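The values are calculated or read from the model by the stated rules, or taken from the named source; none is laboratory data. This is a predicted model, so every value here is computed, not measured. Quick note on the areas: whole protein, heavy atoms, side chains included, nothing else; ligands and nucleic acids left out. Shrake-Rupley method; radii C 1.70, N 1.55, O 1.52, S 1.80 Å.
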Amino acid sequence: MERVSKINYYLDIAQTVSERSTCLRRRFGAIIVKNDVIISTGYNGAPRGRKNCSDMKMCYREQLGIPRGERYELCRSVHSEANAIISASRESMLGSSLYMCCTDPKTGEILPGTNSCMMCKRLILNAGISKVFIRDTKDDYREVDVLDWIENDDSLSGQMGY
């Protein structure tokens with residue numbers, strides 16, 4: 001029996017966290033890990049106390065035909081990365097890694113090629129997180145050195161995430 005790699009172990013957990021998402025378009029799950037200890041988890045959904053899109057059975061951005069990666073201010077959800085960061089102290093996140101997985105809410109399939117949006121990249125930078133691992137398939141993932149987001153500042157070029 002072959003043992004799952006440590007990275008895929010944490011990505012499996014992030015994928016399971018995504019199942020708590022209340023978004024009708026994309027389910028994201030994120031976990032923050034430092035020294036092999038899970039610091040926090042987060043999934044995308046409406047702020048506490050507000051109705052979720054899944055409860056309302058509608059997505060405002062979907063109704064308006066807004067493409068993914070645009071006009072996030074019209075979205076009801078707090079992103080998974082932001083929710084994970086909100087739940088942890090900065091001290092515990094310094095030098096940590098964030099693991100993220102996106103799944104389709106209709107099929108549960110992993111959605112490859114996703115990224116953090118520009119706002120979440122800023123939060124990750126300020127939180128002191130060093131690495132981001134993003135699942136593309138059950139076994140494949142991308143590893144991002146967060147310092148690359150400083151060198152390659154996509155906020156200056158208008159490139160979008162997600």
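Quick notes on this one:
- Filter on Lys57/Lys121; Lys51/Lys138; Lys57/Lys106; Lys6/Lys131; Lys106/Lys131; Lys6/Lys51 - keep pairs with C-alpha separation over 24 Å: Lys57/Lys121; Lys51/Lys138; Lys106/Lys131; Lys6/Lys51
- Taken over the chain, the alpha-carbon convex hull comes to 117 cubic angstrom per residue.
- Amide H contacts of Ser116 (H built 1.01 Å from N, under 5 Å, at least 5 apart or other chain): Tyr162
- Carbon plus sulfur fraction of accessible area for the stretch 32-162, probe 1.4 Å, in percent: 49
- Share of Cα-Cα pairs in the stretch 42-93 lying beyond 12 Å, as whole percent: 69
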